[in-house]
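So the structure is just underneath, and the comments pick up after that.
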Amino acid sequence: MTDTAPGLPRLGTTLFSLSLEQRKPGRDFASLVAEVAARDLGPGLEMVAFQNLRGWPLLSDEQVREVRSVIDESGLTPSCLAINNDLGLYPDRLLSDDESYEYVAVQVRGAAALGFPVTRVGVETTPVILERLLPLADQLQVKVGVEIHAPLTIEAPPVAALKELFTRLDTPWLGFIPDMSSSMRAIPGAVDDAHRAAGIAPELTALAKGLWAEPGPTMAKFPELERRAAEAGATPAQVGNLQMLFTMHGRMAPERWADFFPHVVHVHGKFYGIEDGPDGLTDPSIDWPAVARVLVDQHYTGFISSEYEAHAYSDRYSAFDQVRAQHDMLRTLLEQQPAVAR
């Protein structure tokens, strides 16, 4: 399995990139993992537990052995298991703190049984719950990382509270998982495909893109988008579709990822498409040269999981081919940076 040079971030793939591929007849977990390995899209392997593991989090010993066997035989290295904290599990109330802790704790135990060194939770997992999880994470030697996904930024109050917690505890077992959706420079072209298919007028798409590109906090733009889109004739369903541009694509400067260190435990290499431009492979939506500089400057040597999410909008391109292109681009960018000893 091809790796990056010593001292650099390592590459990998999350099976979430292959969500459409997974739906094809005859596809199963074992065949997806085998093809990721055969295409040399490791060495890291991430997956979403509820998406890829039937019966999660209550796996039998036999299931655990089967999953570990598939990964071992592939030659890939488990990098991160994405788990969930479903606070809305019940229709009439949210989970209590005790229930939330137990809901996540059983999944951290499951990740340890499967051999994953890192778990991903969402920002709904509060500092109170994370601090309660610390002894378990330490005992199991499994890190718990909070994904920072669009529209969150370093200035968002929940993120500031997490940074305060991680700084105070100063532990390797809790931290951040940056997701590049929070630091995009353009709306991906795949959005146009999706809007055309949904019957959304190009003028409405242009309106949403224009508001997105304006200065100011993304969350503050929702009311204006709703008002102006409705005035332009958008239906409520179309307004909801347009709002996805704000919830899935953030505008934080990529240099701000440095502020999350030294408490980064994993990285999501979110992307929506790699193109072959005049200067080689490039990402029109995400400034990967800037991200690569931050990661190398911060001496990050963990995994970057390639997370292709254009499948949310379009099936025009092969996810396997897109991940291959991102790996090639990232390897070049990372190896252009001065490295530190791993």
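The values are calculated or read from the model by the stated rules, or taken from the named source; none is laboratory data. Here the structure is a predicted model, which is why all the values come from computation and not from measurement. Positions of Cβ are backbone-derived with ideal geometry, glycine not excepted, and every protein chain shown enters the neighbour counts.
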Give segment 183-203 a look and list any residue that's surrounded by fewer than 16 Cβ atoms within 10 Å (Cβ to Cβ) and part of a helix (DSSP H, G or I), or say none. D193, R196, A197, P202, E203
Somewhere in segment 169-182, is a residue touching a residue at least 40 places away in the same chain (Cβ under 8 Å), surrounded by fewer than 19 Cβ atoms within 10 Å (Cβ to Cβ) and farther than 18 Å from A258 by Cβ? yes
In this structure, is E73 acidic (D, E), closer than 25 Å to T301 by Cα and in the same structural domain as Y272 (by TED's automatic domain parsing)? yes
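A quick yes/no check of all residues on (1) over 15 Å from R331 (Cα atoms); (2) assigned to a loop (DSSP other than H, G, I, E, B):
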position	(1), (2)
K270	yes, no
G273	yes, yes
P289	no, no
R293	no, no
May I ask you to list the residues in segment 281-329 that are at pLDDT 95 or above, of a type in the set (S, T, N, Q) and under 27 Å from A38 (Cα atoms)? T282, T301, S305, S306, S318, Q322, Q326
Any idea which of S17, S69 is without any contact (Cβ under 8 Å) to a residue 40 or more places away in the chain and of a type outside the set (D, E, K, R)? S69
Are any of the residues in segment 150-158 without any contact (Cβ under 8 Å) to a residue 24 or more places away in the chain, assigned to a helix (DSSP H, G or I) and more than 16 Å from the chain's Cα centre (by Cα)? yes
Considering only segment 42-70, how many residues are out of contact with any Ser or Thr (no Cβ under 7 Å at 6 or more places or on another chain) and farther than 22 Å from E102 by Cα? 7
If you scan segment 128-148, which residues turn out to be in contact with a helix residue (DSSP H, G or I) (Cβ under 7 Å, 6 or more places away or on another chain), surrounded by fewer than 20 Cβ atoms within 10 Å (Cβ to Cβ) and either farther than 18 Å from P262 by Cβ or not assigned by TED's automatic domain parsing to the domain that holds D72 (or both)? V128, E131, R132, L136, L140
Looking at segment 252-270, is at least one residue touching a residue at least 40 places away in the same chain (Cβ under 8 Å) and farther than 30 Å from D170 by Cβ? no
Quick one: count up the residues across segment 295-309 that are farther than 18 Å from E46 by Cβ and surrounded by 21 or more Cβ atoms within 10 Å (Cβ to Cβ). 1
Name the single residue, out of those in segment 204-227 being of a type in the set (A, V, I, L, M), surrounded by 13 or more Cβ atoms within 10 Å (Cβ to Cβ) and modelled with pLDDT of 90 or more, that is farthest from A319 (Cα to Cα). L225
If you go through D97, D86, the only one that is of a type in the set (D, E) and either over 25 Å from M244 (Cα atoms) or outside the structural domain of V264 (by TED's automatic domain parsing) (or both) is D97
If a residue has to be in contact with a Leu (Cβ under 9 Å, 6 or more places away or on another chain) and crowded, with 18+ Cβ neighbours inside 10 Å to count, how many in segment 149-167 make the cut? 4
If we keep just the residues of segment 235-268 that are in a loop (DSSP other than H, G, I, E, B) and under 16 Å from the mean Cα position of the chain (by Cα), which is farthest from S183 (Cα to Cα)? V265
